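Here the structure is laid out as structure tokens; the discussion comes afterwards.
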Amino acid sequence: MVCQSDPLVLKVLRLYESISKLEDLSPSKEVDALFIELVHLCIPPHPIDPTKLCPEIQEMRGKLISLCGRAEGLMEKHFTTLLASFDRPLDHLSLFPYHSNYLKLSRLEFDLLSKHTPTTPARVAFVGSGPLPLTSIVLAANHLKSAVFHNFDIDASANAMAGKLVGPHPEISGRMEFHTADIMDVPGEVLREYDVVFLAALVGMDAEEKMHVVEHLAENMAAGAILMLRSAHGARAFLYPVVDPRHLRGFELLSLYHPTDDVINSVVVARRCPRPHPAPLGPHVLCAKCSELQPFNPLSLIEEDHHC
């Protein structure tokens, strides 16, 4: 049984069936048309709760997010190759179709970050930066003009492409490094150096995997450091994974913002709580706000009353 009562779900399902049959997700007229239609379908506000979809649609949603992630990666590589053909690649970023979206998202994230940081961050990490690290580039160029950015990605070829992209711009490349590593293998002595850690939307393609990453960051980030996460709300959850703030154990939730314009991602801002300390007569305790958050349980994301 699929969610027959919701026309939007049926339209998403139709697009998923078309996208899943594509042999190649690289940019092309057919690929671009399908994903543009999908994005335009999911942007308008919709009261759908992705956790209450029936199991068949939940499974489809997970596969669709994975397809979106693969297509996004191929699109970024395609445009990074194009941009690298210019003497000064960053002067031509507007050629990337979603450049304006990144400008708006980066401004939104900077504004939210500024509300919760008394001083300008000096060292920033971006996890899952990819071949076209637009967030780091835009923040470094427009908002955090003295900060150092360390970009982490598991794909060495993506890091090599990104390095070539920023290389001709000494004012940016001098403050930007690229590291090929799984964030789960990055130790505390490294992660504690950063004032802010950004976690890309597609790092952790399902709730359980993403929360394992968050737990690793909670164990290793410096107390008081800021974690910026990208999530999704409403129908946009067919495009990106959802971060449930209730499961950010070890962090104090500071802001949760759901855009209603063409900025697709929601933004979650959280602060690393003070280190656990021994209670006088019991086990370790967290600060009051952090201890209110629930430990992660993937089954808690599945509601019993499926709406189909």
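The values are calculated or read from the model by the stated rules, or taken from the named source; none is laboratory data. Predicted model only: the values in this text are computed from it and were never measured. Cβ: placed from backbone, ideal geometry, glycine included. Neighbour counts: every protein chain shown. Accessible surface areas use protein heavy atoms only, side chains included; no ligands, DNA or RNA. Shrake-Rupley method; radii C 1.70, N 1.55, O 1.52, S 1.80 Å.
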Residue under evaluation residue 94, criteria (1) open to solvent by 20 Å² or more (accessible area, probe 1.4 Å); (2) modelled with pLDDT of 95 or more; (3) within 17 Å of the chain's Cα centre (by Cα), criterion not met
(3)
I'm trying to understand the selection: among the residues of region 112-135, which are buried (at least 19 other Cβ atoms within 10 Å of the Cβ) and without any contact (Cβ under 8 Å) to a residue 60 or more places away in the chain?
131, 132, 133, 134
Within region 151-229, considering only helices (runs of 4 or more DSSP H) that don't extend past its boundaries, which have at least 1 residues that are open to solvent by 20 Å² or more (accessible area, probe 1.4 Å) and within 19 Å of residue 265 (Cα to Cα)?
207-220
Return a yes/no flag: does region 1-16 have any residue that is closer than 27 Å to residue 136 by Cα and either open to solvent by less than 40 Å² (accessible area, probe 1.4 Å) or touching a strand residue (DSSP E or B) at 6+ places or on another chain (Cβ under 7 Å) (or both).
no
With criteria (1) over 17 Å from residue 145 (Cα atoms); (2) open to solvent by less than 50 Å² (accessible area, probe 1.4 Å), residue 106 comes up short on (1)
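Being among the small types (Gly, Ala, Ser), under 24 Å from residue 231 (Cα atoms) and either in a helix (DSSP H, G or I) or open to solvent by 30 Å² or more (accessible area, probe 1.4 Å) (or both): is that true of residue 26 here?
Working: among the small types (Gly, Ala, Ser): yes; under 24 Å from residue 231 (Cα atoms): no; either in a helix (DSSP H, G or I) or open to solvent by 30 Å² or more (accessible area, probe 1.4 Å) (or both): yes.
Spelling it out, it is not the case that residue 26 is among the small types (Gly, Ala, Ser), under 24 Å from residue 231 (Cα atoms) and either in a helix (DSSP H, G or I) or open to solvent by 30 Å² or more (accessible area, probe 1.4 Å) (or both).
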Of the numbered conditions (1) assigned to a helix (DSSP H, G or I); (2) open to solvent by less than 60 Å² (accessible area, probe 1.4 Å), residue 48 fails exactly one; give the number of that condition.
(1)
What about residue 66, is it open to solvent by 40 Å² or more (accessible area, probe 1.4 Å) and either out of contact with any His (no Cβ under 7 Å at 6 or more places or on another chain) or modelled with pLDDT of 95 or more (or both)?
yes
Within region 227-234, does at least one residue satisfy the condition of being under 21 Å from residue 126 (Cβ atoms) and more than 17 Å from the chain's Cα centre (by Cα)?
no
Identity of the residue in region 75-99, in a loop (DSSP other than H, G, I, E, B) and hydroxyl-bearing (Ser, Thr, Tyr), that ends up farthest from residue 34 (Cα to Cα):
85
When residue 194 is evaluated against the numbered criteria (1) of a type in the set (Ser, Thr, Tyr); (2) within 16 Å of the chain's Cα centre (by Cα); (3) closer than 20 Å to residue 141 by Cβ, which criterion, by number, is the only one it fails?
(2)
Any residue in region 52-65 that is under 12 Å from residue 12 (Cβ atoms) sitting within a Cβ distance under 8 Å of a residue that is part of a helix (DSSP H, G or I) and aromatic (Phe, Trp, Tyr)? List the pairs, counting only those 6 or more apart or interchain.
60/16; 61/238; 63/16; 64/16; 64/238; 65/238
Any chance region 148-157 includes a residue that's within 30 Å of residue 49 (Cβ to Cβ), at pLDDT 95 or above and hydroxyl-bearing (Ser, Thr, Tyr)?
no
Read through the list (1) among the charged types (D, E, K, R); (2) within 26 Å of residue 160 (Cα to Cα); (3) crowded, with 17+ Cβ neighbours inside 10 Å, then give the number of the only condition that residue 87 fails.
(3)
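Condition test on residue 105, is it more than 20 Å from residue 265 (Cα to Cα) and either touching a residue at least 12 places away in the same chain (Cβ under 8 Å) or of a type outside the set (Gly, Ala, Ser) (or both)? Working first, answer last.
Numbers: more than 20 Å from residue 265 (Cα to Cα): no; either touching a residue at least 12 places away in the same chain (Cβ under 8 Å) or of a type outside the set (Gly, Ala, Ser) (or both): yes.
So residue 105 does not fit the description; no.
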